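A short worksheet on the structure shown next.
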Amino acid sequence: ERISSATSLSSTIINNRLQELVKLFKERTEKAKEKLTDPNVTSDDESPVASPAKPALAASLVPPPGGEPEGNKPAGDEHYCEMLCCTFKYQPWLDRLKNYGFPSSIDPLTNLMYVLWLFFVVVAWNWNCWLIPVRWAFPYQTPANIHCWLLVDYLCDLVYLLDIVVFQTRMQFVQGGDIITDKKAMRENYLRSQRFKMDVVCLLPLDFFYFKVGVNPLLRFPRCLKYMAFFEFNNRLEAILSKAYIYRVIRTTAYLLYSLHVNSCLYYWASAYEGLGSTTWVYDGEGNSYIRCYYWAVKTLITIGGLPDPKTLFEIIFQLLNYFTGVFAFSVMIGQMRDVVGAATAGQTYYRSCMDSTIKYMNFYKIPKTVQNRVKTWYEYTWHSQGMLDESELLVQLPDKMRLDIAIDVNYNIVSKVALFQGCDRQMIFDMLKRLRSVVYLPNDYVCKKGEIGREMYIIQAGQVQVLGGPNGKTVLVTLKAGSVFGEISLLAAGGGNRRTANVVAHGFANLFILDKKDLNEILVHYPESQKLLRKKAKKMLKNNNKPKDEKGAPGDPLIIPPRADTPKLFQAALAVTGRMGGKGQLTQLRWRLKELKAMQAAQVSIERMAIWLCFTRCQVALRHRLQRLSLRCLKGGSSFSPTPPKSPVHQRSPVTSHKACTHLGEEIFSKSSDSLVTIRVISTAQKDEEILAAEISEKEEEEKEK
């Protein structure tokens, strides 16, 4: 019993596992089919992996007598988390932290972690640049707080040291067009660089002189020479920020504030050298010393005036140097601020100049105000939506590969969904993406009109367009939204098939991508297989669009004798098999019944044809009688002319040309058949030498035909 129960359990588990494998293989087969039909579908080459919760071998399916199966036992260095009916593998965050390895090489252009590290280096550099002059000039460093100043100083020195040992020796560099990532080569490249020399100078151990001269902040002045890290941080940060001009304005303002900061420190040092409050020019020692000295520095460098006159020679020389330095520094700051603001508003200036030139042109040629307003609206919307007037001007400076990468990210998801281009060469689609151009349409602008020659395909990037039709051409047939494509058949149609079939109007502001027919033809020259496929698809789509109405189920031209519905093919095959086998069942009877019906229908058709022939024969006889009466009337009137009867009853013209006055306008002669079902009428007309022959069939005969 135990063996049988274990065997049944293992067979059940094996069956379940086999069903799962079959399901996985079916999914993989479906993906392979999709890949064959559409090459654009990404392939999934991953093989099905067994779930860790279920053993893969039959030997491990039978649970041991002691507990769980061996296949379910996780390894010693792995961790599992049970949830519902599944088991998920995870790794604790402590292990991830322990296993984290510092990168062997750092890309200084794209690594954000390196930019963050540069931020800490710049903070340490600013600490030294701003506070060394303050601690040297002002009495803010005292024996009571000296330990705090030294603690922060040595923390900044530690940041400098880590930057040299850990980061700068791992910086990638380019040599001969190759990116060097070898540790030894990167370390040697840094040791030979100018930056390494400056970094070594920054960390000169001048602090040992503290034991002889005391804690003098000027001994830390070499720490301010690490300016290369500051400029590198500026470059990396400007490359990351979307509005880098804001940071440039802040940085230029910081330059001005730092120059005022240094000047205020020098003014306090000069006042202390002359003696606080000794003259009216020096600082009198009242209030906050730093704020008072900073205020004096602002008035001096910006040359506001209103300062007390210097008294001594030292004060005069110091003030002259301040004035010269202030004028030079202030002019440099103003010029740099102007460049920063000008670079930030360069696009806006270009947009305004283009718009002004266009308005001047329209005013010169006296363009109507309505058109001018639409042009202005286009300029404003295009600028606010795109930030530029022409995207191609921005991308023309980039290499062809980078333009392709940008085009793929922006347009590939939309173009790959176009039915006309599915199955084509992927590289052909990539080349086509580079030819797309962006166009903005205003509300109620006609994108294309019915009947015009189509030379473009449109892809809706943003907004909506409406397809108009109907008797008046103003009925909205469909509204196309972002991601829709229209006009693609016109790119490959020829022989009149490239005309637009409807009006397309922009519903609100619409931004469309346009592909010209000329550009597509230039691309297809290099892809003949894709060209054949596109031609085939275009013909098929044109054929579906140009089907006649009677093929689509709409009423066509009325038929005199409507065609009989065909017998279903499956039913015909069943009847044929029954006839060959010689059976006597219901199918055999139906087969003979259908033969009789076919014979009756053939006889009915022959009878109808005979009735039509008799109708025309009676018409001929009646027409001859009519002509004989006319001839007799003319003879009685004294005419010696003998008319000749017509050769065929189809001829409606009378042979008598000079005696038409004998008949009256509107007079008719009619004759009926013996069964009164067919009536023949001959009616005179106002035109000379013409009469009308009419044949009428009564409703009874039509009802008999329907029966």
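The values are calculated or read from the model by the stated rules, or taken from the named source; none is laboratory data. Because the structure is predicted, anything quoted here is derived from the model rather than measured. Cβ atoms come from the backbone with ideal geometry, glycine included; neighbour counts cover every protein chain shown. Just so you know, the surface numbers come from the protein's heavy atoms only, side chains and all, with ligands and any DNA or RNA stripped out. Shrake-Rupley method; radii C 1.70, N 1.55, O 1.52, S 1.80 Å.
Answer with yes or no whether Met362 is in contact with a Phe, Trp or Tyr (Cβ under 6 Å, 6 or more places away or on another chain) and modelled with pLDDT of 85 or more.
Here the answer is no, as Met362 does not meet what is asked.
Being within 30 Å of Asp284 (Cβ to Cβ) and open to solvent by 40 Å² or more (accessible area, probe 1.4 Å): is that true of Cys148 here?
Yes.
Which residue out of Gly470, Gly463 is on the phi > 0 side of the Ramachandran plot, in contact with a Leu (Cβ under 9 Å, 6 or more places away or on another chain) and exposed (fewer than 12 other Cβ atoms within 10 Å of the Cβ)?
Gly470
Among the residues of segment 112-139, write down those that are touching a residue at least 40 places away in the same chain (Cβ under 8 Å) and aromatic (Phe, Trp, Tyr).
Tyr114, Trp117, Phe119, Trp125, Trp130, Trp136, Phe138 - these are the residues of segment 112-139 that are touching a residue at least 40 places away in the same chain (Cβ under 8 Å) and aromatic (Phe, Trp, Tyr).
Any residue at all in segment 468-488 that is more than 20 Å from the chain's Cα centre (by Cα), under 26 Å from Glu529 (Cβ atoms) and either assigned to a loop (DSSP other than H, G, I, E, B) or without any contact (Cβ under 8 Å) to a residue 24 or more places away in the chain (or both)?
For segment 468-488, residues more than 20 Å from the chain's Cα centre (by Cα), under 26 Å from Glu529 (Cβ atoms) and either assigned to a loop (DSSP other than H, G, I, E, B) or without any contact (Cβ under 8 Å) to a residue 24 or more places away in the chain (or both): absent.
Applying the selection to segment 432-455, what residues are among the aromatic types (Phe, Trp, Tyr) and open to solvent by 90 Å² or more (accessible area, probe 1.4 Å)? Before the answer, list the steps.
Residues of segment 432-455 among the aromatic types (Phe, Trp, Tyr): 441, 446.
The one that is among the aromatic types (Phe, Trp, Tyr) and open to solvent by 90 Å² or more (accessible area, probe 1.4 Å): Tyr446.
Out of all the residues in segment 315-329, which are closer than 13 Å to Ala270 by Cβ and either open to solvent by less than 50 Å² (accessible area, probe 1.4 Å) or in contact (Cβ under 8 Å) with a residue 40 or more places away in the chain (or both)?
Matches in segment 315-329: Glu315, Phe318, Gln319, Asn322.
Looking at segment 510-540, which of its residues are farther than 17 Å from Val415 by Cβ, in contact (Cβ under 8 Å) with a residue 24 or more places away in the chain and in a helix (DSSP H, G or I)?
Across segment 510-540, the qualifying residues are Lys518, Glu529, Arg535.
In segment 295-314, which residues are open to solvent by 50 Å² or more (accessible area, probe 1.4 Å) and modelled with pLDDT of 90 or more?
Answer for segment 295-314, where residues must be open to solvent by 50 Å² or more (accessible area, probe 1.4 Å) and modelled with pLDDT of 90 or more: Tyr295, Leu313, Phe314.
Within segment 398-426, how many residues are β-branched (Val, Ile, Thr) and within 21 Å of Ser490 (Cβ to Cβ)?
Here the count works out to 3.
Can you spot a residue in segment 335-344 that is free of Cβ contacts under 8 Å to residues at least 24 places away in the same chain and surrounded by 17 or more Cβ atoms within 10 Å (Cβ to Cβ)? Give the steps one after another, and end with the answer.
Filtering segment 335-344 down to residues free of Cβ contacts under 8 Å to residues at least 24 places away in the same chain leaves 335, 338-339, 342.
Still in the list and also surrounded by 17 or more Cβ atoms within 10 Å (Cβ to Cβ): none.
Within segment 335-344 (the criterion being free of Cβ contacts under 8 Å to residues at least 24 places away in the same chain and surrounded by 17 or more Cβ atoms within 10 Å (Cβ to Cβ)), the answer is no, since none of the residues qualifies.
Go through (1) surrounded by 15 or more Cβ atoms within 10 Å (Cβ to Cβ); (2) under 30 Å from Met171 (Cα atoms) and name the single condition Arg292 misses.
All conditions pass for Arg292, except number (2).
Can you find even one residue in segment 225-233 that is under 30 Å from Leu204 (Cα atoms), hydroxyl-bearing (Ser, Thr, Tyr) and assigned by the TED database to the domain that holds Leu321?
Of all residues in segment 225-233, those under 30 Å from Leu204 (Cα atoms) come to 225-233.
Within this subset, residues satisfying the condition of being hydroxyl-bearing (Ser, Thr, Tyr) are 227.
Still in the running and assigned by the TED database to the domain that holds Leu321: none.
No, segment 225-233 contains no residue that is under 30 Å from Leu204 (Cα atoms), hydroxyl-bearing (Ser, Thr, Tyr) and assigned by the TED database to the domain that holds Leu321.
Condition check: under 20 Å from Gln319 (Cβ atoms) and touching a Phe, Trp or Tyr at 6+ places or on another chain (Cβ under 9 Å). Does Leu237 satisfy that?
No, not satisfied.
Among the residues of segment 165-172, is there at least one that is in a strand (DSSP E or B) and modelled with pLDDT of 90 or more?
yes
Quick one: Thr110 ticks every box in (1) among the β-branched types (Val, Ile, Thr); (2) exposed (fewer than 15 other Cβ atoms within 10 Å of the Cβ); (3) at pLDDT 90 or above except a single one, so which number is it?
Going through (1) among the β-branched types (Val, Ile, Thr); (2) exposed (fewer than 15 other Cβ atoms within 10 Å of the Cβ); (3) at pLDDT 90 or above one by one, Thr110 breaks only (3).
For segment 384-404, how many residues meet the condition of being exposed (fewer than 13 other Cβ atoms within 10 Å of the Cβ) and charged (D, E, K, R)?
Here the count works out to 3.
Which of the residues belonging to segment 202-221 are closer than 29 Å to Arg248 by Cα and either open to solvent by 20 Å² or more (accessible area, probe 1.4 Å) or touching a Ser or Thr at 6+ places or on another chain (Cβ under 7 Å) (or both)?
Keep residues of segment 202-221 that are closer than 29 Å to Arg248 by Cα, which gives 202, 220-221.
Phe221 - this is the single residue of segment 202-221 that is closer than 29 Å to Arg248 by Cα and either open to solvent by 20 Å² or more (accessible area, probe 1.4 Å) or touching a Ser or Thr at 6+ places or on another chain (Cβ under 7 Å) (or both).
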